[in-house]
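The values are calculated or read from the model by the stated rules, or taken from the named source; none is laboratory data. Treat the numbers as computed from the prediction; the structure is a model and nothing was measured. All Cβ positions, even for glycine, are placed from backbone atoms using ideal geometry, and neighbour counts span all protein chains on display. Ligands, DNA and RNA are stripped out before the accessible areas are found, and what is left, the full protein with its side chains, is counted by its heavy atoms. Shrake-Rupley method; radii C 1.70, N 1.55, O 1.52, S 1.80 Å.
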Amino acid sequence: MFGLKSNKSKAWKKLEQEYKRMKKVEMRALFAADKKRAQKYTLHQNGLTLDYSKNCIDDKVMSALLGLAKERGVAQKIKDMFEGKEINFTENRSVLHIALRNRGKSQIFSDGKDVMPQIREVLNKMKNFSEAVRLGKFKGATGKKLTDIVNIGIGGSDLGPFMVCEALKKYWAKGIRCHFISNIDGTACAEVLGGLNPETTLFIVASKTFTTIETLTNAKTCRKWLIDSLGEHAVAKHFVALSTNKTEVKKFGINPENMFEFWDFVGGRYSVWSAIGLIVCIAVGFENFEKLLDGAFDMDEHFRKAAPESNMPLILALLGVWYNNFYNIHRYAVIPYDQYLQYLPSYLQQLDMESNGKSVDKENNFVKCATGPVLFGGAGTNVQHSFFQLLHQGTEPVPVDFVVPAISHNEIGEHHSILLSNVLAQGEALMKGKTIAEAAEELRKAGKSKKEVDALKKYKSFTGNRPSNTLLFKKIDPFALGQLIALYEHKVFVQGIIWNINSFDQMGVELGKQLALNILPELQGKVLNAKHDSSTMALIKEVKSLRR
Ligand code: G6Q
């Protein structure tokens, strides 16, 4: 149904022609022919560099891609988002994560109301609370300082704060530790609670809707654990909520005064900039949280104002479209070369796949082209020793984004130089490859016989011509991280525009929330003989028998 036929607009057809030409061109040759290629295809934005020269592109391709962005009205849609138009068209909502980090003085409207005063008010509340916890002024029920902060949330209410806390670990206040409980698997609770003292633990229940079964079940378990040792009155001193749903927060037994609000115009996976970032504020301090917002704002301003040809999120998005829709490569990898960024790929996986894993367009038709690709990744150099084999020699290329801080927070001996030499060498090798003749030559030089050379030369060859982007910056600090996240958010947004889909709903995730609720009473023996397919019926039966 999708991915096979293009929607034959003028710009699309032009790109199909460019693809026919470009697929015969080797990047090696393009580099050899133009000494300034790297310079030409590199962008800079306030400390962040994007080198996209190792892509299967030339000026004609870039101009055709920019033509597609123009044809799809990307510039107007960007304006619409910043003006609070209801671009989340299936839920009739504005999409205003950009307002959460609006560090300027401008007003931003949703539904005719300026949202900035309420955003600033919550930020102020976050500042006061996080400082009180850090300074030991907000104490636990027995008068002790709260040292262990547990974020209970899932999906958008977990991945953002988790990734950011881990990325900024070097900035954590001394004596404060962050923990995350997301999975409904009791192991998640058991493992975290097992190491904690109730007197010094603060629970943050993070849930936009405050109806998510995993989060509420985990929160109830943690509440019981606390009450069992400190009594009911301790809840007010050890539980806060982050939510849009005051009624449910109250019902759960958390005083709405201990609730930090956010709003429907903030999507879960775009919410780390909101109250959902509370654990980040406590861990790294409000000043650093503000720097994170500053970095994102810097990217927002760039995205809004930069010309298309030098607009980083736009260029990244178009390159993704180029491979996804013209080369028919429906996957890409993000590889951070920094241990602190090891969870960036999982975070981006949600951002990209939940936003653009869609099949119906704005006009209510099934799409005729492939939409969101599969994103995967992991920290380099570890992944070089695992799935990089396929990246180098698999039958289909996988475009890669390398994310690279030039300086490590832990500059020990030669470690970081070795790490950096690896990432640079990987990009080069993917692009250049190694011809069979070159492989043969290498084998001969290594003293192999003719027979051995003939037997091995193909196995030792690499097609090359495999695309990668390199995102380079000085160090992983709050500002750079803010820029980086916002860059990917906007990239995903632009791709959604090109594919004419809604990047801001998540019906598939919501389906999952309903489905489990149907089977739960059957597993608990409360409903018998419900109808399912034979496989599900058999599995339910077997699970019940194994758990008996
Ligand atoms: C994010 C998704 C999803 C959501 C979780 C948790 O964009 O909507 O990942 O964040 O399902 O939802 P709650 O925050 O409502 O508990």
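Rounded, prolate or oblate: which fits the range 1-79, taking a ≥ b ≥ c as square roots of the Cα gyration tensor eigenvalues, rounded meaning a/c under 1.5, else prolate when a/b beats b/c? Taking the square roots of the gyration eigenvalues as a ≥ b ≥ c, the range 1-79 is oblate.
Counting charges near V284 (Lys, Arg +1; Asp, Glu -1) among other residues having Cβ under 14 Å from its Cβ returns a value of +1. Axis angle, to the nearest 10 degrees, between helix 286-305 and the longest C-alpha principal axis of the chain: 40 degrees. Extents of the range 344-440, taken as max minus min of Cα coordinates on every principal axis and listed largest first, are 57, 42, 19 Å. For the range 334-392, the Kirkwood radius over C-alpha pairs fed into Stokes-Einstein at 10 °C and 1.306 mPa s yields D = 121 µm² per second.
Which angle between 0 and 90 degrees, to the nearest 10, do you get for helix 59-71 versus the longest principal axis of the chain when only C-alpha atoms count? That works out to roughly 40 degrees.
Taking the Cα centre of the range 135-190 as origin and charging only Cβ (+1 Lys, Arg; -1 Asp, Glu), how large is the dipole, in debye to the nearest 20? Numbers along the way, then the final one.
On the way: 8 positive and 4 negative charges, 108 e Å.
Its charge dipole is roughly 520 debye.
The alpha carbons of the range 439-528 occupy a box of 72, 47, 32 Å along the principal axes, longest dimension given first. Give the calculated FRET efficiency between K144 and K8 to the nearest 0.05, with a Förster radius of 60 Å applied to their Cβ-Cβ distance. Calculated transfer efficiency: 0.35. Solvent-accessible surface of the range 151-227, taken per residue with a 1.4 Å probe and all protein chains present: 37 Å².
Here K475 is the anchor, and the aspartates and glutamates within straight C-alpha reach of less than 15 Å, apart from those fewer than 8 places off in the same chain, are E166, D338, E411.
Can you pick out the pairs among K10/K77; K40/K491; K169/K220 whose Cα atoms lie more than 23 Å from each other? Too far apart for the 23 Å limit: K169/K220.
Based on Cβ point charges of +1 for Lys and Arg and -1 for Asp and Glu, what charge dipole magnitude is obtained for the range 277-404 about its Cα centre, in debye rounded to the nearest 20? List each step's numbers first, then the result.
Working: 7 positive and 14 negative charges, 81 e Å.
Using only the charged Cβ atoms, the result is roughly 400 debye.
When the pairs K170/K291; K174/K474; K105/K208; K113/K250; K54/K434; K127/K291 are compared against a 19 Å limit on Cα-Cα distance, K174/K474; K105/K208; K113/K250 fall above it.
Rolling a 1.4 Å probe across the protein heavy atoms gives the range 322-470 an accessible surface of 48 Å² per residue. Here the relative contact order of the chain, from alpha carbon pairs under 8 Å that lie six or more residues apart, stands at 19 percent. For the range 347-387, the fraction of 1.4 Å probe accessible surface lying on carbon and sulfur atoms is 50 percent. By definition, a body whose alpha carbon gyration tensor gives a ≥ b ≥ c is prolate when a/c is 1.5 or more and a/b is larger than b/c, and the range 392-433 fits this prolate description.
Treat the range 203-285 as a sphere of radius equal to its Kirkwood radius over Cα pairs and apply Stokes-Einstein at 37 °C in a medium of 0.692 mPa s; give the translational diffusion coefficient in µm²/s, rounded to a whole number.
Numbers: Rh = 13.1 Å.
So the translational diffusion coefficient is about 251 µm²/s.
Please compute the length gained on full extension between R21 and K113, using 0.36 nm multiplied by the number of residues separating them and subtracting their Cα-Cα distance. If you can, show how the numbers build up before the last one.
Details: separation 92, 0.36 × 92 = 33.12 nm, distance 5.07 nm.
Result for the pair: 28.1 nm of gain on full extension.
In the range 259-327, inverting the average of 1/r over every pair of distinct C-alpha atoms gives 14.4 Å as the Kirkwood radius.
Partner lysines whose Cα lies under 18 Å from the Cα of K8, excluding those fewer than 8 positions away in the same chain, are identified as K20, K70, K362, K368.
For the range 396-548, the mean projected area of the C-alpha convex hull, equal to one quarter of the hull surface, is 18.9 nm².
Tally Lys/Arg at +1 and Asp/Glu at -1 over every other residue whose Cβ is under 13 Å from the Cβ of G175; what's the total?
Numbers: positive: R134, K144, K145, K174, R177; negative: D148.
With Lys, Arg at +1 and Asp, Glu at -1, the neighbours total +4.
If R₀ is 60 angstrom, what is the calculated FRET efficiency for the pair E452 and D533, using the beta carbon separation as r and rounding to 0.05? The formula returns an efficiency of 0.65 here. Under 5 Å between amide hydrogens, built in the peptide plane, is the criterion, and for A241 it picks out V205, M259, F260 among residues at least 5 positions away or on other chains.
By per-residue mean of other Cβ atoms within 10 Å, what is the highest-first order of 219-226, 270-277, 385-392? Walk me through the numbers on the way to the answer.
Numbers: 219-226: 19.1, 270-277: 27.9, 385-392: 14.5.
Final packing ranking: 270-277, 219-226, 385-392.
Split the chain at each of the GluC sites (Glu not before Pro) in a DSSP loop with at most 13 other beta carbon atoms within 10 Å, and the longest piece is 84-362. Within the accessible surface of the range 420-477, defined with a 1.4 Å probe on protein heavy atoms only, the carbon and sulfur portion equals 57 percent.
Potential lengthening of the chain between L523 and K137 amounts to 134.3 nm, from the contour at 0.36 nm per residue minus the alpha-carbon distance. Rounded to the nearest 0.05, the FRET efficiency derived from the C-beta distance between H409 and N46 at R0 = 25 Å is 0.80. Between V122, S355, P399, the Cα set farthest toward the positive side of the dipole of the chain (charges on each charged residue's Cβ, about the Cα centre) is that of P399. Toward the positive end of the charge dipole of the chain, with +1 on the Cβ of Lys and Arg and -1 on the Cβ of Asp and Glu, the farthest Cα among G155, L168, L316 is that of L316.
Relative to its Kirkwood radius, the Cα radius of gyration of the range 1-153 gives an Rg/Rh of 1.16. Treating each Cα of the range 110-170 as one equal point scatterer and applying the Debye formula with no solvent, the log10 of I(q)/I(0) at q = 0.16, 0.22, 0.29 Å⁻¹ comes out as -0.78, -1.08, -1.10.
Heavy atoms only, probe 1.4 Å: what % of the accessible area of the range 97-143 goes to carbon and sulfur, would you let me know?
On the way: 1220 of 2470 Å².
On the range 97-143, the fraction of accessible area on carbon and sulfur atoms equals 49 percent.
Residues in the range 16-129 average 52 Å² of solvent-accessible surface per residue, probe 1.4 Å, ligands and nucleic acids excluded. Computed from Cα atoms, the angle from the helix 312-321 axis to the main principal axis of the chain rounds to 70 degrees. The alpha carbons of the range 82-202 stretch over 47, 34, 28 Å along the principal axes, in descending order. Run the Debye formula on the Cα coordinates of the chain, all scatterers equal and no solvent, and tell me log10 I(q)/I(0) at q = 0.09 1/Å. Rounded to two decimals, the profile gives -0.74.
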